[in-house]
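J.: Submitted below is the structure of interest, expressed as structure tokens.
The values are calculated or read from the model by the stated rules, or taken from the named source; none is laboratory data. What you see is a predicted model, and the numbers here were worked out from it, not measured in a lab. No Cβ is skipped: glycine too gets one built from the backbone with ideal geometry, and neighbour counts run over all protein chains shown.
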Amino acid sequence: TGAVTEAVLGALAHADSVRRLEVRANADTPEDAVRARALGAEGIGLCRTEHMFLGERRALVEAMILARDATAREAALAALLPLQRADFTGILEAMDGLPVTIRLIDPPLHEFLPDRTELAVRLASATHPDLHDRELLDAVERMHEQNPMLGLRGVRLGLAVPGLMAMQVRAIAEAVADRLRDGGRPHAEVMIPLVGTVEELRLARTETERVLAEVEAETGTSLDLPIGTMIELPRAALTAGRIAEAADFFSFGTNDLTQTTWGMSRDDAEASFFPLYLEKGVFGVSPFETIDREGVGRLVEMAVVAGRAVNSRLETGVCGEHGGDPDSIHFFHLAGLDYVSCSPFRVPAARLEAGRAALTDTETSDSR
Ligand code: PEP
Ligand code: MG
């Protein structure tokens with residue numbers, strides 16, 4: 001096995017020396033970040049923050065979203081801030097010197113408010129002994145959606161809940177300032193999810209810059225954090241030139257982009273009609289696994305070209321599941337992306353594949 005290990009390490013070293021695509025990992029805990037780094041990840045392309053709001057913090061999140069007044073909301077946000085700051089400090093420490101793209105919260109609301117009846121009763125009995133409290137039940141009712149995946153998620157939630165975006169950005173900024181003070185080399189980037197129009201991104205960017213400036217003034221540090229967006233809605237890809245005016249980077253969320261381009265639920269499609277579609281040859285492989293070059297892939301190519309035309313320094317990557325899929329990695333190489341980001345355990349294979357893509361590309365252009 002010593003010889004096998006040596007051969008694998010040799011192949012990886014060779015791939016690393018020829019590949020043009022950078023390989024980052026999707027990770028949202030310091031443990032995953034350490035694992036990813038050991039497997040060769042060159043940064044975190046997607047740190048999802050919504051998982052950080054579940055578990056013990058759930059009650060705070062419910063209180064924040066359903067708050068009846070500003071005081072209650074601010075109390076919940078104030079309690080969440082130090083917890084978030086510690087989350088980010090740990091990850092920045094594990095990834096010291098490498099980029100960490102932190103995505104602001106993007107939960108479909110049903111993940112936080114799963115059973116509105118139970119929630120209403122629980123909240124009402126805990127905080128409001130009067131179970132007929134109409135106002136509170138109305139708040140819970142308002143938050144119910146028939147299609148949460150197409151609802152109050154991503155930037156929409158950030159813009160709708162006062163103080164939520166500011167709390168997260170402050171936690172990131174303070175974590176960066178802390179690391180700088182400790183002699184670290186933090187490279188955090190702020191990523192805005194589910195943007196459909198440049199106006200949403202401008203609003204989010206203005207708020208982000210306001211909070212960054214505040215923390216800079218308080219800490220006397222200069223925080224030069226890139227601010228970018230996910231491109232995961234067809235409208236975002238189609239208007240990428242406009243969106244690039246307000247973005248330092250694009251990260252393609254091919255999970256949502258596939259879901260919204262095909263109009264197929266990423267949670268349900270594979271279990272329902274996919275076997276029939278595979279059998280009838282509508283497609284040979286799930287578009288959620290391998291990039292659909294004619295549809296979703298075209299949107300990616302168009303958005304890269306349009307974005308770079310407006311901002312020649314625009315950084316581009318992909319952080320959907322496709323970022324770890326071999327065939328898709330070849331496509332992303334040809335589309336000219338700067339990096340792919342995938343689950344930590346897929347990082348070594350992604351490095352190899354990115355190397356093969358570069359070699360295949362050279363051979364093809366040599367024979368032309
Ligand atoms: C995506 O949509 O591809 C993505 C990376 O974001 P998430 O899977 O968290 O929606
Ligand atoms: Mg997404």
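J.: Filter the range 213-246 down to residues that are farther than 17 Å from Thr101 by Cβ and within 15 Å of ligand 2 (Cβ to nearest atom), then give me how many there are.
T.: Going through the range 213-246 one residue at a time, the tally reaches 4.
J.: Continuing with the same structure: Residues Gly263, Gly284: which one is away from ligand 2 (no atom under 16 Å from the Cβ) and either aromatic (Phe, Trp, Tyr) or more than 20 Å from Ala354 (Cβ to Cβ) (or both)?
T.: Answer to the check: Gly284.
J.: What residue, of Leu334, Leu314, Leu359, is out of contact with any strand residue (DSSP E or B) (no Cβ under 9 Å at 6 or more places or on another chain) and closer than 27 Å to Arg235 by Cβ? Show your work before the answer.
T.: Values: Leu314 fails: out of contact with any strand residue (DSSP E or B) (no Cβ under 9 Å at 6 or more places or on another chain); Leu359 fails: closer than 27 Å to Arg235 by Cβ.
Among Leu334, Leu314, Leu359, only Leu334 is out of contact with any strand residue (DSSP E or B) (no Cβ under 9 Å at 6 or more places or on another chain) and closer than 27 Å to Arg235 by Cβ.
J.: A further question on this structure: Looking only at the range 234-255, which residues are within 11 Å of ligand 1 (Cβ to nearest atom) and surrounded by fewer than 23 Cβ atoms within 10 Å (Cβ to Cβ)?
T.: Asn255
J.: Quickly run through the range 170-200 and pick out the residues that are more than 16 Å from ligand 1 (Cβ to nearest atom) and either under 15 Å from the mean Cα position of the chain (by Cα) or closer than 12 Å to Arg103 by Cα (or both).
T.: Answer for the range 170-200, where residues must be more than 16 Å from ligand 1 (Cβ to nearest atom) and either under 15 Å from the mean Cα position of the chain (by Cα) or closer than 12 Å to Arg103 by Cα (or both): Ile172, Ala188.
J.: Right, another one. Any chance you could count how many residues in the range 151-162 are touching a residue at least 24 places away in the same chain (Cβ under 8 Å), among the aliphatic types (A, V, I, L, M) and either in contact with a Gly (Cβ under 9 Å, 6 or more places away or on another chain) or not in a loop (DSSP other than H, G, I, E, B) (or both)?
T.: Total meeting the criteria: 3.
J.: Can you find a residue in the range 205-212 that is in a loop (DSSP other than H, G, I, E, B) and away from ligand 2 (no atom under 16 Å from the Cβ)?
T.: no
J.: Restricting the search to the range 290-315, which residues are within 19 Å of Val23 (Cβ to Cβ) and within 16 Å of ligand 2 (Cβ to nearest atom)?
T.: Hits for the range 290-315 are Ile291, Val300.
J.: Restricting attention to the range 29-88, report how many residues are in contact with a Gly (Cβ under 7 Å, 6 or more places away or on another chain) and surrounded by 21 or more Cβ atoms within 10 Å (Cβ to Cβ).
T.: 2
J.: Going through the range 262-297 one residue at a time, which ones are more than 20 Å from His330 (Cβ to Cβ), within 13 Å of ligand 1 (Cβ to nearest atom) and of a type in the set (Val, Ile, Thr)?
T.: Answer for the range 262-297, where residues must be more than 20 Å from His330 (Cβ to Cβ), within 13 Å of ligand 1 (Cβ to nearest atom) and of a type in the set (Val, Ile, Thr): there is none.
J.: Within the range 163-196, count every residue that is out of contact with any helix residue (DSSP H, G or I) (no Cβ under 7 Å at 6 or more places or on another chain) and not in a helix (DSSP H, G or I).
T.: So the answer is 6.
J.: Given the criteria farther than 23 Å from Asp28 by Cα and modelled with pLDDT under 95, does Ser312 qualify?
T.: In short, no.
J.: Whether any residue in the range 260-272 is of a type in the set (Lys, Arg) and modelled with pLDDT under 95 is what I want to check.
T.: yes
J.: Pick out, from the range 1-110, the helices (runs of 4 or more DSSP H) lying fully within it that include 2 or more residues that are among the β-branched types (Val, Ile, Thr).
T.: By residue number, 2-18, 58-65, 70-94.
J.: Determine whether Val318 is within 18 Å of the chain's Cα centre (by Cα) and either over 30 Å from Gly10 (Cβ atoms) or within 16 Å of ligand 2 (Cβ to nearest atom) (or both).
T.: yes
J.: List pairs: first in the range 49-71 and in contact (Cβ under 8 Å) with a residue 12 or more places away in the chain, second among the small types (Gly, Ala, Ser) and part of a helix (DSSP H, G or I), Cβ under 6 Å, 6+ apart or cross-chain?
T.: Leu60/Ala76; Leu60/Ala79; Ala63/Ala76; Met64/Ala76; Leu66/Ala139
J.: Please determine, by comparing only the residues of the range 167-200 that are free of Cβ contacts under 8 Å to residues at least 60 places away in the same chain and not charged (D, E, K, R), which one is farthest from Ile105 (Cα to Cα).
T.: Gly183
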